[in-house]
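Step one of this worksheet: look at the structure below.
Every read-out reported here was derived from the displayed coordinates using simple, explicitly stated rules and does not represent laboratory data. All values derive from a computational prediction rather than experimental measurement. In this analysis, Cβ positions are derived from the backbone assuming ideal geometry, glycine residues included, and neighbour counts consider all displayed protein chains.
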Amino acid sequence: MSKAIYIVTTEPNSGKSIVSLGLMQLLLGKTAKVGYFRPIIDDVPDGNIDNHIDTVLSYFNVDMVPEEAYAYTRSHVVQLKNQDKDDEIVGHIIHKFKTIEKRFDFVLVEGTDFSGEGTIIEWDINVLIAKNLGIPAIILASGKNKTLDELLGNLYMAYDSFMEKGVEVLLIIANKIQPENLDIVNEGLQKKLPENVLIGTIPMNTILGRPTIKEISQELDAKILFGEAFINNQVAGFGVGAMQLRNYITHLKEDSLVITPGDRADIILGALQANISTNYPKLSGIVLTGGLLPEDSITKLIEGLTDIIPILSVAGGTYAVTNKIGTIRPRIYADNTEKILTSIQEFEKHVPTKELSERLITFKAKGITPRMFQYNLLQKAKSSKKHIVLPEGLDERILLATKKLIDADAVSITLLGNKEQIRTKITELDIDLDLETINIIDPTASPVFDEYANTLFELRKHKNVNLAMAKDLMEDVSYYGTMMVYKGHADGMVSGAVHTTQHTIRPALQFIKTRPDVSIVSSIFFMCLPNRVTVFGDCAINPNPTAEQLSEIAISSAATSTAFGIEPKIAMLSYSSGASGVGEDVDRVRKATEIIKTKRPDLKVEGPIQYDAAVDAKVGLSKLPDSEVAGQASVFIFPDLNTGNNTYKAVQRETGALAIGPMLQGLNKPVNDLSRGCTVEDIFNTVIITAIQAQGL
């Protein structure tokens with residue numbers, strides 16, 4: 001089941017509140033605890049609360065404080081974007097959302113309001129947020145002042161842009177439709193959109209389309225002189241009282257607002273009398289302009305009346321005030337229960353709520369975005385902190401990554417090397433790293449050096465290793481770090497920034513060894529593509545695996561995939577798909593696939609299959625129409641190291657993908673290798689996945 005839904009509009013003033021309120025009511029009827037989140041809100045004056053947040057939290061008694069319900073203000077986002085900190089923006093939004101998600105059964109996420117400039121950018125941000133949160137969307141558009149073709153085209157383009165980015169759209173809503181056009185709009189949307197997309201059409205509603213005296217008072221910064229009890233009166237129209245009273249009262253209309261200078265006692269008293277007269281329409285209120293107040297005698301007369309409509313005083317001139325009132329857009333706020341109830345009723349009446357509930361229950365996100373994947377990795381590592389040893393303690397990248405890891409409070413770190421040299425290096429690099437937060441060990445000066453050497457001797461004496469040789473080996477940081485892991489003095493090791501792969505993993509193969517159920521150590525990369533995360537294996541260890549070894553690499557990779565939250569759909573890659581190809585190489589892949597199906601019939605696997613058929617739905621359908629994997633593979637097993645290593649690097653360079661790894665599979669305890677060209681981020685990510693591996697042991 002989806003645990004959240006994202007509401008997005010295509011333009012300002014689409015009536016998003018009606019959907020938010022209606023959905024909150026629907027969700028609270030299905031689940032006990034519903035949270036509310038707005039990734040980006042408009043700027044609000046210090047001490048004020050965003051109106052949308054205040055309304056939802058107050059009316060539905062949501063157990064949240066306003067500051068928890070949003071991530072950024074609009075100006076803060078603009079500032080960060082100008083600094084090219086897009087990743088920081090998305091990362092913080094994910095963090096805030098996940099914090100709310102932990103506390104509630106369901107989260108209603110409301111997109112931005114398009115109240116500023118840069119509508120296209122704002123639309124892209126909404127798509128990006130929904131994609132990275134991994135939740136389905138509801139798209140809303142207003143039909144006001146649009147032709148049928150404009151409305152349908154607007155909604156379809158919005159739907160298409162979300163689907164193109166992999167965001168499932170559950171519901172399309174056309175709002176503010178003339179009642180006589182509801183059927184026409186509904187039929188048009190049914191023809192334009194796929195059958196699986198739900199459709200709602202909501203008519204114009206006079207109650208929701210009118211501002212209240214309260215809203216007008218706030219926009220004008222007015223002083224309320226009388227009638228505060230009726231501050232929620234709705235304003236259907238307005239007119240200026242400038243002519244003589246006998247003429248003006250003939251122009252009064254139902255629920256209209258009277259605008260007049262504050263010294264026009266005749267208009268003020270005449271309007272109040274007309275409001276209680278059965279011969280004239282009811283009025284919503286009176287606005288007195290020019291900062292002028294009625295004389296004391298007139299004020300005393302008004303005070304003696306009962307059920308006085310609101311009378312406001314503003315500083316501006318009549319013309320300017322009238323123009324400003326004309327631009328005020330109606331809103332829904334916390335104490336306006338009439339509008340809230342009307343919104344809920346309109347939503348329930350015109351939106352297929354039963355079908356929407358069923359879609360939310362059955363919705364399952366397809367894949368996971370790189371940012372969400374990295375966020376989940378960090379949170380998982382922090383959930384049970386592990387101790388990781390980094391043998392290459394003098395490398396600049398290692399020290400910078402250590403700083404980042406300590407700041408994230410993700411792991412405990414031990415650096416190997418000469419203590420004074422490492423401390424000097426930290427000072428030279430001006431890294432703000434508290435040496436009290438890390439452990440630095442010089443292997444040759446370690447109090448457990450002899451113990452480690454003796455252990456190595458006992459483990460390797462059958463291979464003609466004597467004690468002197470063991471001591472020589474133990475001076476090597478790779479051997480010392482691996483022995484720390486073997487002895488349980490560290491939970492995992494990451495090396496390779498300076499040393500070769502062979503240098504890094506040889507000690508692990510010699511005495512950490514493989515798990516009982518595994519005969520081969522292999523590796524995978526997590527390939528963080530723009531819109532999803534996949535698993536590539538083996539791209540670092542085995543040059544020419546046999547069919548049996550390929551099958552074991554695939555099974556190990558599927559287990560890794562599952563452990564890291566990626567549903568395994570295994571593509572056994574080759575130069576042909578299905579039964580079309582012949583030859584020793586393709587036969588080896590075919591045999592490996594059969595072994596997997598025999599050993600693990602529960603796994604979804606296809607092979608041999610070409611890369612294009614594995615990733616492209618159309619190609620996959622044409623080549624392997626009955627496959628559960630073709631076009632949607634998540635785990636890619638390459639036939640040999642030459643193919644795998646070059647492919648992962650080609651994908652990384654050409655698409656800008658982040659490759660996390662390699663992560664070694666099959667060892668009794670986690671030891672992972674770095675590329676000598678690794679970045680600080682590579683080291684950070686590899687340490688994190690090593691810590692997570694250690695949690696599973």
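Observations, loosely collected:
- In order along the range 172-181, phi translates into HN-Hα couplings of 10, 10, 9, 10, 6, 9, 4, x, 6, 9 Hz, rounded to whole numbers, per the Karplus curve 6.51 cos²θ - 1.76 cosθ + 1.60 with θ = phi - 60° and x for Gly and Pro.
- Nearest-0.05 FRET efficiency for ARG103 and THR73, computed from C-beta distance (R0 22 Å): 0.45
- Listed cross-link partners LYS513/LYS569; LYS623/LYS649; LYS404/LYS425; LYS599/LYS649; LYS98/LYS131 are compared with a 21 Å cut-off, the Cα-Cα value being larger for LYS513/LYS569; LYS623/LYS649; LYS599/LYS649.
- The range 213-329 - share of DSSP beta bridges that are antiparallel (%, nearest 5): 20
- Our coupling estimate for the range 619-632, obtained by passing each phi through the Karplus curve with A = 6.51, B = -1.76, C = 1.60 and θ = phi - 60°, is 5, x, 5, 6, 8, 9, x, 9, 7, 7, 10, 3, x, 9 Hz, Gly and Pro reported as x.
- Local electrostatic count, SER313, Cβ distance below 11 Å [Lys/Arg +1, Asp/Glu -1]: 0
- Computed over neighbours whose Cβ is under 14 Å from that of SER446, the net charge equals -2, Lys and Arg +1, Asp and Glu -1.
- Within the range 517-665, percent of DSSP bridges classed antiparallel, to nearest 5: 50
- Amide H contacts under 5 Å for ASN175: ALA141, SER142, GLY143, ILE202, restricted to partners 5 or more places along the chain or on a different chain, H placed in the peptide plane at 1.01 Å from N.
- Between helix 680-695 and the chain there is an angle of about 80 degrees, using the helix long axis and the longest principal axis of the Cα atoms.
- Net charge, LYS214 excluded, C-beta distance under 15 Å - Lys, Arg +1, Asp, Glu -1: -3
- Cα-based helix-to-principal-axis angle, 16-28 vs the chain, degrees rounded to 10: 60
- Amide H to amide H, with H built 1.01 Å from N, SER412 comes under 5 Å of LYS386, HIS387, ILE388, counting only residues 5 or more places away or on other chains.
- Rounded FRET efficiency, nearest 0.05, which uses the C-beta distance separating LYS385 from HIS462 and R0 of 41 Å: 0.65
- Lys/Arg +1, Asp/Glu -1 at C-beta; the chain dipole; positive extreme among VAL485, GLY677, ILE135: VAL485
- Calculated FRET value between ASP86 and GLU567, using beta carbons and R₀ = 41 Å, to 0.05: 0.90
- Cleavage-rule hits, trypsin sites (Lys or Arg not before Pro), the range 299-405, DSSP coil, Cβ neighbours within 10 Å at most 16: LYS364, LYS366, LYS385
- Rounded to the nearest Hz, the phi-derived 3J(HN,Hα) couplings of the range 332-337 under the Karplus curve 6.51 cos²θ - 1.76 cosθ + 1.60 (θ = phi - 60°) are 10, 10, 4, 9, 8, 5, where x marks glycine and proline.
- Relative to the dominant Cα principal axis of the chain, helix 370-383 is inclined by about 70°.
- Taking every DSSP bridge with both residues inside the chain, close to 20 percent are antiparallel.
- For the chain, the fraction of C-alpha pairs farther apart than 51 angstrom is 31 percent.
- Segment LEU148-ALA650, extension gain: residue separation times 0.36 nm, minus the distance between their alpha carbons: 176.0 nm
- Computed [θ] at 222 nm, helices only, for the chain once each DSSP H run of length n ≥ 4 contributes -39500 (n - 2.57): -13500 deg cm²/dmol
- Distance violations [Cα-Cα > 19 Å] among LYS3/LYS96; LYS33/LYS96; LYS30/LYS96: LYS30/LYS96
- Long-range amide H partners of TYR70 with built H, under 5 Å: ARG38
- Using the average count of surrounding beta-carbon atoms within 10 Å as a protection proxy, the listed peptides 426-432, 555-561 rank, highest first, as 555-561, 426-432.
- Looking at the range 596-697, the trypsin sites (Lys or Arg not before Pro) that sit in a DSSP loop and have at most 15 other Cβ atoms within 10 Å of their own Cβ are ARG676.
- Estimated distance in nm for a label pair at THR437 and TYR156, the labels positioned 7 Å out from Cα along Cα-to-Cβ: 5.5
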